[in-house]
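**Q** Please find one structure pasted underneath; my questions will follow.
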Ligand code: SF4
């Protein structure tokens with residue numbers, strides 16, 4: 001199981017700006033162009049006929065994926081990508097640092113799982129963080145996203161912003177969200193944040209002023225007990241500020257999703273956590289109860305965190321029932337159907353991003369594979385003892 005490569009290096013680059021600049025390019029199929037070629041557009045070419053057609057269509061930059069022709073004679077500006085990026089297609093967007101040749105895929109038009117990493121910095125240090133924070137100056141990422149946003153297909157249904165903590169530089173980030181609302185008014189926007197920034201009325205007011213009806217903040221609460229939450233995120237007073245932030249967001253009519261990641265520390269307290277959410281935060285818009293991605297810090301801390309999901313199967317079913325009975329919109333993310341109590345199958349979502357979603361050989365014979373979340377291909381997978389293919393009996397799927 002290998003995730004789709006979203007970063008790497010170009011094998012050749014020519015004619016692009018000097019070593020200190022970064023470049024954002026949108027890849028375009030030549031056949032679909034009708035005089036709308038911009039300076040960020042790079043024609044996808046495979047041979048000299050393509051190159052000639054791209055030049056005639058007005059492209060200044062060409063992109064060749066894999067081995068092929070020498071583009072230098074036709075295009076002074078070109079890049080070559082290794083064959084592992086052959087999945088890229090028309091409308092996809094990449095960020096490039098020509099000097100180092102480093103490449104990152106920023107947006108895939110055909111995907112419904114596009115998320116921009118806003119920063120690697122964070123004021124939490126969560127035990128199971130899949131993107132371990134780094135204290136670096138990466139403000140250039142916000143500039144790169146601002147360059148990419150106008151290139152995104154406006155029919156894109158949803159995009160996400162994640163980190164690190166996106167609200168650390170909240171003024172710049174909110175300006176970016178403002179831009180997103182203007183450029184992509186019909187696109188749902190989901191921001192993963194630890195929510196502490198919203199303890200500030202100034203931040204909440206700026207967020208509300210974006211006035212995006214489909215803007216949602218996904219905020220984790222790992223326990224109903226303040227010091228347990230603070231321990232999981234490795235930050236004192238985090239629980240109090242996070243809850244205050246949620247209350248302030250809802251006071252301003254903003255959309256909020258609560259996220260609970262399940263592991264050895266949080267899962268045994270899940271019923272208590274769900275009861276607390278149902279009693280104290282029944283007005284949030286969505287609660288996601290989530291299986292653990294065993295990568296990053298989760299991998300480093302796996303002796304502390306790993307729990308076989310089959311062990312919390314009944315508590316998860318009860319937690320879902322508590323939230324749903326209180327009128328909350330609840331979903332189960334990242335967990336295979338065969339590890340869930342049948343009663344909560346309707347709450348299970350195929351939530352794992354397409355670029356890192358995988359299945360096991362056992363799944364080939366499973367009747368519910370097409371609606372099962374499957375597994376993360378990142379990090380190191382831990383297999384549950386409860387995994388088993390589901391068979392169909394009398395027209396209904398049943399665990400064999
Ligand atoms: S066996 Fe079926 S239910 Fe279990 S993980 Fe595979 S596809 Fe999902």
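Only the coordinates and a few stated rules stand behind these numbers; no lab work does. Since the model is a prediction, treat every value here as computed from it, not as a measurement. As a convention, Cβ positions derive from the backbone with ideal geometry for all residues, glycine included, and neighbour counts pool all protein chains shown.
**Q** Round to a whole angstrom and tell me the spacing of the C-alpha centers of segment 299-323 and segment 193-239.
**A** 23 Å
**Q** On alpha carbon coordinates alone, what is the Rg over Rh value for segment 1-116, Rh being the Kirkwood radius?
**A** Reported Rg/Rh, Kirkwood definition of Rh: 0.94.
**Q** For the chain, what is the mean residue ellipticity at 222 nm derived from helices alone (per DSSP H run of n ≥ 4: -39500 (n - 2.57); sum divided by total residues; nearest 500 deg cm²/dmol)? All intermediate terms of the calculation are to be shown ahead of the outcome.
**A** Numbers: 10 runs with 95 residues, N = 400.
Computed mean residue ellipticity for the chain: -7000 deg cm²/dmol.
**Q** A further question on this structure: Antiparallel DSSP bridges in segment 39-191: what percent, to the nearest 5? Walk me through the numbers on the way to the answer.
**A** On the way: 5 of 22 bridges.
The antiparallel fraction comes to roughly 25 percent.
**Q** Considering Cα pairs under 8 angstrom that are at least six residues apart, work out the relative contact order of segment 262-400 and quote it in whole percent.
**A** Values: 217 pairs, mean separation 35.3, N = 139.
Computed over segment 262-400, the figure is 25 percent.
**Q** Within the P(r) computed for the chain, what percentage of the Cα pairs occupies the region above 32 Å? Present the calculation step by step, with values, prior to reporting the outcome.
**A** Values: 32662 of 79800 pairs.
Roughly 41 percent, rounded to a whole number.
**Q** Determine, for 290, 179, the number of other Cβ atoms within 10 Å of each Cβ, and report the residues in order from fewest to most.
**A** 179, 290
**Q** Given segment 241-400 reduced to its alpha-carbon atoms as identical point scatterers, what log10 I(q)/I(0) does the Debye formula return at q = 0.11, 0.19 Å⁻¹?
**A** Treating every Cα as an identical point scatterer, log10 I(q)/I(0) equals -0.47, -1.24.
**Q** Please state the relative contact order of the chain as a whole percent: Cα pairs under 8 Å, 6+ residues apart? Please report the intermediate quantities before stating the final value.
**A** Numbers: 840 pairs, mean separation 47.9, N = 400.
In percent, rounded to a whole number, it is 12.
**Q** Nearest 5 is fine: what % of DSSP beta bridges in the chain come out antiparallel, could you say? Intermediate results must be reported in sequence, preceding the final value.
**A** On the way: 21 of 62 bridges.
Roughly 35 percent of the DSSP beta bridges within the chain come out antiparallel.
**Q** What angle, in degrees between 0 and 90 and rounded to the nearest 10, separates the Cα long axis of helix 170-183 from the longest principal axis of the Cα atoms of the chain?
**A** With rounding to tens, the tilt is 70 degrees.
**Q** Counting other C-beta atoms within 10 Å, which of 7, 331 has the fewest, and how do the rest follow? Mind dumping the intermediate values first?
**A** Working: 7 10, 331 18.
Going from least to most buried by this count: 7, 331.
**Q** Consider just the alpha-carbon atoms of segment 113-161 and return their Rg together with their Dmax, both in angstrom.
**A** 13.1, 37
**Q** Right, another one. Quick one: Cα centre-to-centre distance for segment 96-116 and segment 244-291, in angstrom?
**A** 32 Å
**Q** I've got another one for you. Determine which residues of segment 85-126 fall in the zone a paramagnetic label at residue 7 would reach in this model, i.e. backbone nitrogen under 15 Å from the point 7 Å along Cα→Cβ.
**A** Under cut-off, by backbone N: 94-98, 100-107, 115-122.
**Q** Here is a further query. Say we join alpha carbon atoms closer than 10 Å with springs in a Gaussian network model of the chain; which of 241, 202, 144 then has the biggest fluctuation?
**A** Judging by the Gaussian network model, the answer is 202.
**Q** With the chain treated as a Gaussian network of Cα nodes joined by springs under 10 Å, which of 336, 166, 17 yields the largest mean-square fluctuation?
**A** Highest fluctuation among the options: 17.
**Q** Which percentage, to the nearest 5, of the DSSP beta bridges contained in segment 7-106 is antiparallel?
**A** Working: 14 of 27 bridges.
Antiparallel bridges: around 50 percent, rounded to the nearest 5.
**Q** Would you order 96, 88 from fewest to most other beta-carbon atoms within 10 Å of each residue's own beta-carbon? Can you show the working numbers first?
**A** Values: 96 25, 88 19.
Fewest-to-most ranking of 96, 88: 88, 96.
**Q** A further question on this structure: Sequence gap at least 6, Cα distance under 8 Å: using those rules, report the relative contact order of segment 1-122 to the nearest whole percent.
**A** Details: 248 pairs, mean separation 39.2, N = 122.
Contact order relative to length: 32 percent.
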